[in-house]
1. Find all pairs meeting these conditions: Cβ atoms under 6 angstrom apart; at least six residues apart or on different chains; first residue within the range 76-102 and at negative phi; second residue polar (S, T, N, Q) and not in a loop (DSSP other than H, G, I, E, B).
2. Identify, please: which residue in the range 46-96 is among the acidic types (Asp, Glu) and either assigned to a loop (DSSP other than H, G, I, E, B) or not assigned by TED's automatic domain parsing to the domain that holds ASN34 (or both) and is, among those, nearest to THR124 (Cα to Cα)?
3. Out of ILE250, ILE226, report the one residue that is assigned by TED's automatic domain parsing to the domain that holds PRO302, part of a helix (DSSP H, G or I) and surrounded by fewer than 20 Cβ atoms within 10 Å (Cβ to Cβ).
4. Can you confirm whether SER259 is surrounded by 16 or more Cβ atoms within 10 Å (Cβ to Cβ), assigned to a helix (DSSP H, G or I), at pLDDT 70 or above and hydroxyl-bearing (Ser, Thr, Tyr)?
5. Could you check PRO356 against (1) crowded, with 19+ Cβ neighbours inside 10 Å; (2) modelled with pLDDT of 75 or more and say which number it fails?
6. Kindly evaluate LYS39 against the criterion of being basic (Lys, Arg), on the phi < 0 side of the Ramachandran plot and in contact with a His (Cβ under 8 Å, 6 or more places away or on another chain).
7. Does the range 232-246 contain at least one residue that is assigned to a loop (DSSP other than H, G, I, E, B), closer than 27 Å to THR413 by Cα and modelled with pLDDT of 75 or more?
8. With respect to the numbered conditions (1) touching a residue at least 60 places away in the same chain (Cβ under 8 Å); (2) within 32 Å of the chain's Cα centre (by Cα); (3) surrounded by 17 or more Cβ atoms within 10 Å (Cβ to Cβ), which one is the sole condition not fulfilled by ARG241?
Amino acid sequence: MLFFLEIGASFKNIHAKYCEESRKLKINDYEICNFKSMKSLKDGCMYIYGNVLMDSGDEKYVFKLKSLDGIFGTLTIKNTKLENLNFLDWLRYIASLEDDYVIEILSNENLVNANLPSLENIITKGSRTVVVNNNPLLESDDCMLFPLSYQANVAFLGDNCGPQKFSPSHHNYLLVFCWFLVIKTFWIPSTYYSVLITRILSALQDCFRQLSTWLSLLLALVRLLIVKNPLNQNLAFLSTRGFAIITILIIFSLSLIISFSNFILYNVPYNWQVASSDFADDHRNTVIPAFLFSDGLLKMIPAIILPVLSYLLIKCMKEAAKSRKSLGKNHKDSEISKSIKMVTLMTVCLMIAEGPIGIVHAIVTFYYDYAFIADTRDRLDQILMDLIVLNAIVSCIICLSVNSQYRDVARKTFCGRCRKKNNEIGIARSRGISVSSVPRVTASNAAIA
């Protein structure tokens, strides 16, 4: 039966039954678990023989299905308090040789998402019917619980199966635009490209997130070095555009390596769905913990080091202000106060955005097989991702509004020589004052007071 499932075979009115000996067989060295109840079911089953039933009170046992690949029977989920079916993300095959409905999802009052993203093939004795009924909070009203294909084609019944709608969330606007361009250019179905682009954007999102965090840490370090050593010519390169570009490329490359380790666990075949790659099947128990731990560590390190650097930076800024004041130089205390507030606010925002999710990722390394822990991590990640985007936007606005040196650098980087500077040079020359067109670059030029 597994052979037929894997090659994508489909049957109509198949009259057969499973042999009793099949209960004791092994598939790829994995034992077939016999289902009696969720409580007695073994943990980590890849294949289950029997009709899987999840009823009220079985929610605490769903982690046992985290690695489930195939069911030789039916699947019923009813009267539970489950919010989603993420624990069945790896379920690919269902083969039932009985006359019952192949899948039933009934009376789950808290169920919001019932997707089975990896389901590839369904073989039944007769009725290819899925019942989705009395789930009041279920988001999908078209009952498309899994990617549509010939092998997984079924009839959907129930009050949750309304007319099909399309309501993209704010995260999908870019995908909708890309989908429009692709469908106008290529003949391959748009669904394939939407899934592929989603995977690519997800990997890039993770890269840019780490890039933003580590650049914030590097910015604090550079500011500290320059403020502490304002006349050191050896640090002048820190304020050059070339150093900034090289630094960004190096950090992005390192982030790309970390994200790629998670990206290679999946592939997108032309059946329009994300599926496990061969590499994932062979190395999942090694790659996933390594990715989660390294990703969590890369998030925790900036959240720990940045407050220390910020404290040292603020201390140096105050000492520099006292030195200028003792030398009789006119310097506004309000500028120092604004800079201190800016540094403090940026540090706190980054700690809140990166610290908790880094700790969670590191902890999940040891419990990634438990569905409720993985679900908690995903929810927290979504919340903090919005905070990170907001933090990046607000930090940019604060830097440009509070500090004139940031504004000058932004003008030179994106606008070339500003008109105001050119006007000043023209006026000076008209008065007979010698003005050099080559600016003197020193480390103190980049000091932010």
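The values are calculated or read from the model by the stated rules, or taken from the named source; none is laboratory data. Only a predicted model underlies this, so the values are computations on that prediction, with no experimental measurement involved. Here the Cβ is made from the backbone with ideal geometry for all residues, glycine too, and neighbour counts use every protein chain on show.
1. These pairs meet every condition: ASN84/ASN113; TYR93/ASN121; SER96/THR124; TYR101/THR129; VAL102/SER96; VAL102/THR124.
2. ASP69
3. ILE250
4. yes
5. Only one criterion is unmet by PRO356, namely (1).
6. Judged against the criteria, LYS39 is not a match.
7. Checking the range 232-246: at least one residue is assigned to a loop (DSSP other than H, G, I, E, B), closer than 27 Å to THR413 by Cα and modelled with pLDDT of 75 or more.
8. Looking at each condition in turn, ARG241 falls short on (3).
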